[in-house]
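Notes follow the structure.
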Amino acid sequence: MPGPDQFTLPTPGEPVIPIVNWSGMKALYVKEVRRFFKVHLQTIWAPAINTLLYLVVFVVALGGGGRTVMGHPFANFVAPGLIVATGMMGSAFANSSFSLLAGKMNGTIVDYLMPPISVGEMLFGLVGAAITRAVLVGLAIWAAIAFFPDVQAVPLHLWAVVWFGLLGSLLVSFIGVLSSIWAEKFDQSAAITNFVVQPLLLLSGTFYSVERLTPVFRDISHANPFFYAISGFRYGFIGTSDSNLLTGTLVLVGVNLVLGIWCYVALAKGWRLKA
């Protein structure tokens, strides 16, 4: 039999939940993961197939004749960029840009605002689920590319693959959360995808080395943080990079800090989320 103290209400002002609501944060994270995993053919395997089609098209169209980039066969050069750009980072943005926007569209945003979790815990749950999806998509693409003929898919520097893959996925996850907060309907979110995220991804050295560009366009590429994520990730596979890894780390960490604080402030103020 439960004792009488079990049903005694706490004194007003006495904290019931500790400093971090681990169970609440875990519940939100699991909810977001289960949401995209229920439609895994669309959220995990479809990006893998699309990336393989990109690889086939570019290798067949541009990789013939023994073409090399930065001293490596074209297929080996382009494969890591496709994994992290069109696969991992694209999927991370798609996941984090959907949750809050769907809540606003469906009238269920209260499910995110009312539970007893802090702003940081909510942000961790949303971003953590997006990174989880990015990792799963990356692994699916890597497993498929491993059977692709004439493609070297064994990482030479695993730490660089993990480090820059996570930093790049975190970057677009924060952008996705901001997009989800700002957008009021799905076509506004699609505009961010089509006019901001996709151009930054595809024009950041995914299919080419920026060292071959003119000085003006090379400087523009170096101002794009997506470039450092892709270049560092590629270094993990082929051992060659067209950017300084330390500079890339500092840029990505700095941009992620700025975007993370921006997301935190926007969520704390309830901008475009609360009436």
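The values are calculated or read from the model by the stated rules, or taken from the named source; none is laboratory data. Worth saying up front: this structure is predicted, and the values here are computed from it rather than measured. Cβ atoms come from the backbone with ideal geometry, glycine included; neighbour counts cover every protein chain shown.
If only one of 111, 150 is over 19 Å from the mean Cα position of the chain (by Cα), farther than 21 Å from residue 69 by Cβ and charged (D, E, K, R), which one is it?
On the way: 150 fails: farther than 21 Å from residue 69 by Cβ.
Only one candidate qualifies: 111.
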**Request:** Scan the range 229-250 residue by residue and report those that are surrounded by fewer than 22 Cβ atoms within 10 Å (Cβ to Cβ) and either among the aliphatic types (A, V, I, L, M) or more than 22 Å from residue 152 (Cα to Cα) (or both).
**Result:** 238, 244, 245, 246, 247, 249, 250
**Message:** Looking only at the range 239-275, how many residues end up being of a type in the set (Gly, Ala, Ser) and touching a residue at least 40 places away in the same chain (Cβ under 8 Å)?
**Reply:** 6
**Asked** Can you pull out the residues in the range 178-193 that are closer than 19 Å to residue 91 by Cβ and among the polar types (S, T, N, Q)?
**Response** 179, 180, 189, 193
**Request:** Mind listing whichever residues of the range 128-158 are in a helix (DSSP H, G or I) and under 15 Å from residue 238 (Cβ atoms)?
**Result:** 142, 145, 158
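Let's see how each residue does on (1) small (Gly, Ala, Ser); (2) assigned to a helix (DSSP H, G or I); (3) at pLDDT 85 or above; (4) surrounded by 22 or more Cβ atoms within 10 Å (Cβ to Cβ):
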| residue | (1), (2), (3), (4) |
| --- | --- |
| 20 | no, no, no, no |
| 24 | yes, yes, yes, no |
| 30 | no, yes, yes, no |
| 41 | no, yes, yes, no |
| 44 | no, yes, yes, no |
| 53 | no, yes, yes, no |
| 66 | yes, no, no, no |
| 95 | no, yes, yes, yes |
**Prompt:** For residue 100, are the conditions met, namely being farther than 18 Å from residue 165 by Cα and either touching a strand residue (DSSP E or B) at 6+ places or on another chain (Cβ under 8 Å) or at pLDDT 95 or above (or both)?
**Reply:** no
